[in-house]
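Notes follow once the structure below has been shown.
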Amino acid sequence: MNYFELFEIPISLQIDKATLAQKFFELQKKYHPDFFAKGTEYEQAEALEISSQLNKAFKVLKNPDETIKYVLQLKQLLEEEEKYQLPPGFLMEMMELNEDLNEDSAKQIQELGNQLYSEVKPLVENYNDSTITQAELLQLKEYYYKKKYLQRILDRLAG
């Protein structure tokens with residue numbers, strides 16, 4: 001059962017946070033291990049497993065970048081620790097940005113992130129699992145890795 005099925009919501013890249021939280025608390029009440037203290041060993045183990053899955057799913061689905069990653073994994077287009085090859089032009093731009101890091105860089109990186117998002121915004125906001133094409137999914141994958149790269153630079157800048 002995938003996270004969307006667990007929460008009984010359609011596969012989407014933009015999940016209503018209020019609905020997600022409401023469903024999470026509803027399911028947590030239903031499957032919390034404390035309610036199965038007098039149940040069989042199997043019922044206790046199952047409640048613990050479902051509760052654990054709910055926590056993982058909630059953490060992923062409330063984070064837009066993690067949701068994109070998860071959907072790409074569901075579509076078998078992204079693997080953990082994958083060595084994704086970013087376009088050389090992007091890498092050159094990042095190399096130049098890295099060389100000139102200063103106090104204004106965070107703003108510049110944020111603007112780059114916004115620019116990247118604008119390219120996939122229609123895909124994210126109008127995601128339809130039954131009509132999205134392989135090419136569109138691959139475009140989302142590239143966006144995901146570029147954004148991840150920018151975040152690493154921001155993290156280094158902050159640290």
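The values are calculated or read from the model by the stated rules, or taken from the named source; none is laboratory data. Nothing here was measured: the structure is a model prediction, and the numbers come from that model. Every residue, glycine as well, gets a Cβ built from its backbone with ideal geometry; the counts of neighbours run over all protein chains shown.
The table that follows gives values for the structure above.
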| read-out | value |
| --- | --- |
| Odd one out for Leu72 among (1) closer than 25 Å to Thr19 by Cα; (2) exposed (fewer than 13 other Cβ atoms within 10 Å of the Cβ) | (2) |
| Residue in region 102-110 that is at pLDDT 95 or above, basic (Lys, Arg) and exposed (fewer than 14 other Cβ atoms within 10 Å of the Cβ) present | no |
| In region 21-70, the residues that are closer than 30 Å to Lys141 by Cα and among the β-branched types (Val, Ile, Thr) | Ile50, Val60, Thr67, Ile68 |
| Extreme residue, surrounded by the fewest Cβ atoms within 10 Å (Cβ to Cβ), among residues of region 111-141 that are within 16 Å of the chain's Cα centre (by Cα) and under 19 Å from Glu79 (Cβ atoms) | Leu138 |
| Where Ala37 falls short, out of the listed (1) closer than 24 Å to Val120 by Cβ; (2) without any contact (Cβ under 8 Å) to a residue 24 or more places away in the chain | (1) |
| Pick from region 23-67, criterion of a type in the set (Val, Ile, Thr) and more than 16 Å from the chain's Cα centre (by Cα), ranking: modelled with the lowest pLDDT | Thr40 |
| Tyr144 vs. criteria surrounded by 10 or more Cβ atoms within 10 Å (Cβ to Cβ), of a type outside the set (A, V, I, L, M), closer than 23 Å to Thr67 by Cβ and in contact with a Ser or Thr (Cβ under 6 Å, 6 or more places away or on another chain) | no |
